[in-house]
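See structure below.
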Amino acid sequence: MSRVPGHAERGDAGAPAIRLRRLVKHYGRRTALCGIDLAVTGPQIVGVVGPDGAGKTTLLRSLAGLLAVEADEADVLGVDLRGDVTRLKEMLGYVPQVFSLYPELTVHENLSVVARLHMLDRRELERRAMPVLERTGLAPFVDRQAGKLSGGMKQKLAVTCALLPNPRILILDEPTAGVDVVARDQIWAILAERKDQVLILISTSYLEEVAACDRLVYLDEGRVVAVGSPGELCAAVPLELYRAWGDDPRAIARAARALPYVDGARATGRFARIEVWRATSPGATHVLRELGALRAAGVRLAEALPIDLESMLLALSRAGAARGSRAA
């Protein structure tokens with residue numbers, strides 16, 4: 001894939017809230033970020049995706065002003081990440097992967113600590129926090145110690161605390177990892193409500209969450225590989241996707257892999273999912289005819305599909321692996 005723009009702008013007017021040029025982060029001899037170029041403008045949900053070890057957490061922590069970085073330019077909300085970032089921390093909310101609030105304090109006490117840090121009085125604390133607590137189902141547990149909350153409740157509390165100062169940027173590092181589906185839906189409902197007022201950056205590995213993002217930033221080996229809306233990135237994948245139905249999807253997948261132009265095939269539920277590189281494809285009509293002819297494997301119906309998020313992410317991952325092999 002060749003779509004590697006250096007921005008994730010939504011088209012909103014105004015200077016980018018985030019502008020990075022050649023941002024680098026080293027951990028000793030290891031380079032975690034290898035020259036990140038990125039510009040993001042306006043309220044939206046930006047998903048930061050990529051394989052494990054791609055640099056997602058390092059990028060988000062850098063944007064939150066938590067790491068010392070090198071860059072030609074590193075500006076977030078008018079604050080230079082290479083200097084004093086005190087003012088930046090007053091304007092953003094951050095939810096790390098690991099629960100970082102005070103486990104011995106109650107839900108309300110944790111919120112009070114955040115409120116004092118941002119000089120909010122008790123009335124303002126209640127006005128801002130209670131709607132979110134009620135929306136997430138945390139309101140009945142305001143007197144429970146944070147350390148005794150379930151994993152989903154802890155994450156909902158972390159999101160509530162991050163939203164308390166009405167941040168201009170909200171940064172969340174896999175906030176729903178290991179969280180039950182109800183809590184995940186509640187967290188995303190809050191994000192969807194806020195995305196027209198706040199720039200939200202979130203790392204995730206869940207396909208349904210990737211689909212809910214307005215823009216995606218795909219990282220691999222510390223580099224921005226692709227940026228765009230989910231639809232744009234899917235359209236840029238040079239693949240054709242097919243589905244062949246039958247009683248034995250595994251047998252269908254094996255038979256499909258024998259076709260010379262098929263790049264990959266696997267059983268999924270009651271059908272086989274088949275991918276063909278566009279550059280070597282004989283054309284959809286030919287592919288469908290040959291898939292339909294696999295009667296011995298039990299094919300009943302073959303159909304062409306639009307490229308979906310799963311295929312797009314796998315294609316980006318394979319492209320990254322190919323680059324790594326060439327570099328080695």
Worksheet entry | Every residue from region 84-96 that is surrounded by fewer than 16 Cβ atoms within 10 Å (Cβ to Cβ) and part of a loop (DSSP other than H, G, I, E, B) | D84, E90
Worksheet item: Can you pull out the residues in region 18-65 that are assigned to a strand (DSSP E or B) and among the hydroxyl-bearing types (S, T, Y)?
Response: Y27, T31
Discussion item. Which condition from (1) within 17 Å of S100 (Cβ to Cβ); (2) of a type in the set (S, T, N, Q); (3) surrounded by fewer than 20 Cβ atoms within 10 Å (Cβ to Cβ) is the one that Q155 breaks?
Written reply: (3)
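Rundown of residues vs (1) of a type in the set (S, T, Y); (2) closer than 27 Å to G35 by Cα, yes/no style:
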residue: Y94; (1), (2): yes, yes
residue: S100; (1), (2): yes, no
residue: V113; (1), (2): no, no
residue: D121; (1), (2): no, no
residue: G147; (1), (2): no, no
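Any read-out appearing in this document is the output of simple, stated calculations on the displayed coordinates, not a laboratory observation. Being a predicted model, the structure only gives us computed values, none of them experimental. All Cβ positions, even for glycine, are placed from backbone atoms using ideal geometry, and neighbour counts span all protein chains on display.
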